[in-house]
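In what follows, a structure is listed as structure tokens, so that the remarks can point back to it.
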Amino acid sequence: MIANIVKPGNHTYGVLAYLFDKGRANEHTDQHIVASWDDFVPDPGPWDSPGHKQRLGQLTQALDLRVKQAGDKAPEGHVWHCSIRAAPEDRILTDAEWATIARRVLHATGIAPDGDPDGCRWVAVRHAEDHVHIVATKVRGDLRPPRNWNDYHRYSSSITVGDGRIGEVSSGGPFVAVRKTIEVVPRARRTLTSLRNLGYDLRHAVADIVDNSVSADATTVHVTVHFDGTRSWIRISDNGRGMDAETLSEAFRYGSDREYNRTELGRFGFGLKSASTSQCRKLTVLSRADIPGAALEARQLDLDHIDEVDNWEIFDLAPDELPEPTRSVLGAASGTVVLWEGLDRVLRYQDPFGGWAKKQLIAHAEDIDEHLGMVFHRFLAGEVADREPLQITVNGTPVEAWDPFCRTEPSTSALQEEDMVVRSLDRNGIVHLCPFVLPNQNHFSSQAVWKRASGPKGWNRQQGFYIYRADRLIQSGGWCRLRAVDEHAKLVRISLEFFPELDSAFGVNVAKASVTLPEELRKELTPLVKTWGRVADTAYRQKQRPPSPPPRRPKPSGAASASPASTVRPSPGQSDLSREQDSSIRPATFSPALANHRGVGTTSRVPDAAPLSARGALEAAASQVGESEALSRIVSALRTLSSEVAHDLGW
């Protein structure tokens with residue numbers, strides 16, 4: 001007997017309508033419910049029975065009730081669907097026997113454990129002699145998701161219920177022969193030593209803890225870096241939803257079992273443990289759930305203790321056992337406090353109390369501040385939908401959002417946005433691209449703003465892609481092997497956004513510090529990268545322009561003073577490449593850096609003619625066609641509309 005767990009969905013009515021329908025080849029007969037969470041649920045019956053659609057709608061509403069109550073907290077893919085089929089040689093089971101089997105599968109998978117009044121709502125539908133279908137909605141009575149197996153992460157994943165002939169089926173005792181299994185538990189000491197080397201550095205480790213705060217709907221996060229030699233510590237506290245005792249203990253399990261909403265920053269169930277132990281030997285977490293009268297819970301993972309006992313153990317701390325830096329942080333409010341002690345991966349000096357060690361820890365605090373301002377800049381700036389702006393402090397100093405695209409600078413230009421479909425193992429998803437060309441140094445509003453825009457790694461290393469996963473920055477700069485870093489391309493930065501359903505396609509690692517572009521996306525990006533590079537090169541070369549406009553030239557006379565080649569408007573014979581470039585530009589404001597790219601400010605190509613400025617070329621062309629007075633009126637209006645553009649053209 002095999003239970004096949006189907007990929008989770010979101011349409012309860014659609015699944016039920018199929019099960020109670022006649023089937024693609026009229027193979028469904030005598031459709032009816034054999035069991036459910038409630039003996040009084042409406043049974044739609046066969047598709048052609050009177051009142052079928054009305055009862056089908058009532059059943060759907062009953063199953064979806066908790067999903068609607070949970071609202072945004074309901075898990076993505078809330079419909080759990082499992083078919084259980086008997087082998088051809090097995091006897092035909094009764095409805096009562098199938099009901100017993102369905103309840104055991106629901107208990108084993110954690111969807112509706114026996115004796116749990118808050119178990120998920122479910123129905124078992126039979127429309128053939130040899131199998132039944134179980135449909136459940138994955139929201140419990142307490143409006144939390146169930147702790148079911150992770151089969152929803154794979155297509156058509158199967159679990160074997162048994163491999164023998166079906167025997168006596170009753171409320172007690174096994175109903176099938178079960179394969180013998182042997183549990184093989186990893187050695188705690190060796191495994192933890194390996195997991196400490198997953199690729200975190202300090203700033204990425206702290207950011208991973210802040211991810212958890214954001215997922216808990218925290219609006220304030222405080223990071224404290226305290227130097228005291230070997231007793232130095234780092235603390236991250238928030239005012240989020242907090243955790244109850246069971247949830248907190250589960251959070252210390254590697255690969256912790258929980259549902260993730262589509263917009264959550266977590267995904268792997270490793271972050272809290274792996275990020276913390278990559279930097280310290282003792283992790284303590286205090287938390288109070290956002291429930292009236294909730295108690296303060298505390299757990300501690302001590303690597304020295306695990307080295308000694310070689311077992312997966314954590315401490316359940318009593319109030320008098322709490323480390324001093326964690327006491328009184330939360331007060332009576334909800335939230336979570338994460339404390340790192342024994343910073344063996346942070347302080348590597350022979351003299352941990354010396355001046356060099358202290359300076360290094362101060363430098364780490366500054367690096368954390370800069371990194372968090374970049375990684376969470378959308379959250380800090382209040383740009384994330386349905387969220388209050390996030391406030392983060394490092395040692396009491398507010399973290400400022402660092403916008404890689406300098407969108408408040410008047411001369412920054414936004415190019416044409418793109419949406420691309422990317423396939424993954426889980427589902428298809430949309431990748432959104434928004435390229436920007438920043439102004440060169442001469443066109444920034446101030447030198448201080450230009451210096452801040454250079455970013456943590458400097459102008460050259462900050463060019464390229466800024467990759468966001470659920471509004472959280474993962475990669476800041478770099479071309480992902482689509483082109484080389486180039487001084488002339490340092491002004492182009494591209495926002496690339498995707499959501500966690502594409503994690504497998506992008507190869508997001510546990511530390512959320514790097515991604516790999518899917519091959520199909522690389523092919524589509526290659527020509528765009530070339531176009532963006534040309535635009536950036538044009539903007540870069542504008543730095544050679546003198547800061548003041550060139551002296552006004554006298555109006556040339558005669559037909560020889562200008563030619564169609566010097567006109568601003570693209571001619572009908574313009575090349576395809578030029579047309580592609582023109583259509584790709586969507587400046588937020590006019591950018592002098594793009595002037596030549598659009599044909600503005602070009603020089604005359606007439607043989608033996610002196611080079612003309614943009615103003616000279618326009619005046620010459622207007623004179624040639626007898627429209628000098630019209631040009632004068634245009635310039636007057638342009639000065640009123642945009643004095644900056646008029647200035648850039650030489651007026």
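Bear in mind these aren't lab numbers, they're just calculated from the coordinates by the rules spelled out. Just so we're clear, the structure is a prediction, and the values are computed from it rather than from any experiment. No Cβ is skipped: glycine too gets one built from the backbone with ideal geometry, and neighbour counts run over all protein chains shown.
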Problem set entry | DSSP-defined antiparallel bridges as percent of all bridges, the stretch 189-398, nearest 5 | 85 percent
Seminar exercise, completed: Expressed as a whole-number percentage, the relative contact order of the stretch 189-398 with C-alpha contacts under 8 angstrom and at least six residues apart is 29 percent
Problem set entry | Relative contact order, percent, the stretch 2-160 [alpha-carbon distance under 8 Å, six or more residues apart] | 36 percent
Problem set entry | Neighbourhood net charge (10 Å Cβ-Cβ; Lys/Arg +1, Asp/Glu -1) for Val210 | -2
Problem set entry | Estimated translational D of the stretch 29-120 in µm²/s (Stokes, Kirkwood radius over Cα pairs; 10 °C; 1.306 mPa s) | 104 µm²/s
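Over all pairs of distinct alpha carbons, what does the Kirkwood formula give as the hydrodynamic radius of the stretch 1-157, in Å?
The Cα-based Kirkwood calculation yields 15.8 Å.
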Exercise. Normalized C-alpha radius of gyration of the stretch 181-220, against 2.2 N^0.38 Å?
Worked result: 1.73
Exercise. What share of Cα pairs, in percent, lie more than 18 angstrom apart in the stretch 298-382?
Worked result: 66 percent
Exercise. Just going by the charge dipole of the stretch 413-544, with Lys and Arg at +1 and Asp and Glu at -1 on Cβ, which of Leu425, Thr531, Gln542 is farthest out on the positive end?
Worked result: Gln542
For this session: May I ask you to compute the full-extension gain from Asp228 to Asp118, defined as 0.36 nm times their residue separation minus their alpha-carbon distance, rounded to one decimal in nm?
Result: 34.8 nm
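Please report the net charge: other residues with Cβ closer than 13 Å to the Cβ of Ser287, K and R +1, D and E -1. Write down the numbers at each step before the final one.
Numbers: positive: Arg241, Arg288, Arg299; negative: Asp238, Asp244, Glu246, Glu250, Asp290, Glu297, Asp316.
Net charge around Ser287: -4.
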For this session: Excluding residues fewer than 8 places away in the same chain, name every one of the aspartates and glutamates whose C-alpha is closer than 13 Å to that of Lys53.
Result: Asp21, Asp43
Seminar exercise, completed: A correct Stokes-Einstein calculation for the stretch 189-398, using the alpha-carbon Kirkwood radius, 20 °C and 1.002 mPa s, returns a whole-number D in µm² s⁻¹ of 123 µm²/s
Problem set entry | Straight-distance crosslink candidates among aspartates and glutamates, where the alpha carbon sits under 14 Å from Lys490 and sequence neighbours closer than 8 are dropped | Asp537
Problem set entry | Sum of side-chain charges, His364 neighbourhood, beta-carbon under 15 Å (Lys, Arg +1; Asp, Glu -1) | -1
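A 21 angstrom limit on the alpha carbon distance is what I want to check against. Which of Lys68/Lys138; Lys273/Lys457; Lys451/Lys530; Lys138/Lys273; Lys457/Lys530 exceed it?
Exceeds cut-off: Lys273/Lys457; Lys451/Lys530; Lys138/Lys273; Lys457/Lys530.
Output the relative contact order of the stretch 413-544, whole-number percent, from Cα pairs under 8 angstrom with separation of 6+ residues. Please list the in-between numbers first.
Details: 231 pairs, mean separation 37.9, N = 132.
Taking the mean separation of contacting Cα pairs over the length of the stretch 413-544, I get 29 percent.
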